[in-house]
Amino acid sequence: MGQGGQMVTTLLFAALLINAATFAAFWSDKRRAIAGERRISEASLLQLALIGGSPGALAARHLFRHKTRKEPFSTRLLLIVAIQAGAGIGLLIL
């Protein structure tokens, strides 16, 4: 595998890790909410989405029905997703 292939593999692995961590954070927050325990802050959940975990956030949100109607959280998460999607499309076009 060449240097470019190794870089792609590393980036894919990093994306997998951040999305798994984000998914786990949403799951943990949902469990804590049910148990009445201390929660993970919305800022922390949004930061995980911002650094690349937005697919994991959307998947967990849908699967666990967690924070689906919470505002302004929902709007902020969808804004992060839109910006990342736009950036991804922009990179593909270049």
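The values are calculated or read from the model by the stated rules, or taken from the named source; none is laboratory data. This structure is a prediction, so every number in the text was calculated from the model and none was measured. Positions of Cβ are generated from backbone atoms using ideal geometry, with glycine treated the same way; all protein chains shown enter the neighbour counts.
Would you point out the residue of region 19-51, among those that are among the polar types (S, T, N, Q) and surrounded by 14 or more Cβ atoms within 10 Å (Cβ to Cβ), that is farthest from Phe64 (Cα to Cα)?
Here the residue is Gln47.
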Residues being under 16 Å from Ser74 (Cα atoms) and part of a helix (DSSP H, G or I) - total across region 26-49: 11
Residue match in region 1-10 (condition: part of a helix (DSSP H, G or I), modelled with pLDDT under 95 and either among the hydrophobic types (A, V, I, L, M, F, W, C) or in contact with a Cys (Cβ under 9 Å, 6 or more places away or on another chain) (or both)): yes
Cβ pairs under 7 Å, 6+ apart, first in region 29-50 and among the aliphatic types (A, V, I, L, M), second not in a helix (DSSP H, G or I): Ala33/Arg39
Residue in region 82-93 that is free of Cβ contacts under 8 Å to residues at least 40 places away in the same chain and surrounded by 13 or more Cβ atoms within 10 Å (Cβ to Cβ) present: yes
